[in-house]
């Protein structure tokens, strides 16, 4: 089901760069102090499945072994 504010990602001519986030700490000297390293797996949790009613992006990092959760808000 499509919502009224859905974006059609099949129209590649309308693609726009939005943002880039790098949470790596270049001052760190090993995997425990360097932050997120080697993001590999991505999973989107739909807003309807989240109690805050905002979609979530889960990012699994291969080298650092952590999972980062981004809450997507706004339009």
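The values are calculated or read from the model by the stated rules, or taken from the named source; none is laboratory data. Here the structure is a predicted model, which is why all the values come from computation and not from measurement. Counting neighbours? That spans all protein chains shown, and the Cβs are built from the backbone with ideal geometry, glycine included.
As a summary of the residue check, residue 6 satisfies the conditions (1) at pLDDT 90 or above; (2) out of contact with any helix residue (DSSP H, G or I) (no Cβ under 9 Å at 6 or more places or on another chain) except for the one numbered (1).
Modelled with pLDDT of 80 or more and either touching a helix residue (DSSP H, G or I) at 6+ places or on another chain (Cβ under 7 Å) or under 19 Å from residue 63 (Cβ atoms) (or both), is that true of residue 30? Judged against the criteria, residue 30 is a match. If I filter segment 15-23 for residues that are surrounded by 13 or more Cβ atoms within 10 Å (Cβ to Cβ) and at pLDDT below 90, do I get at least one hit? Checked segment 15-23: at least one residue is surrounded by 13 or more Cβ atoms within 10 Å (Cβ to Cβ) and at pLDDT below 90. Selection within segment 56-75: residues that are in contact (Cβ under 8 Å) with a residue 12 or more places away in the chain and more than 10 Å from the chain's Cα centre (by Cα). The member of this set that is farthest from residue 22 (Cα to Cα) is 75.
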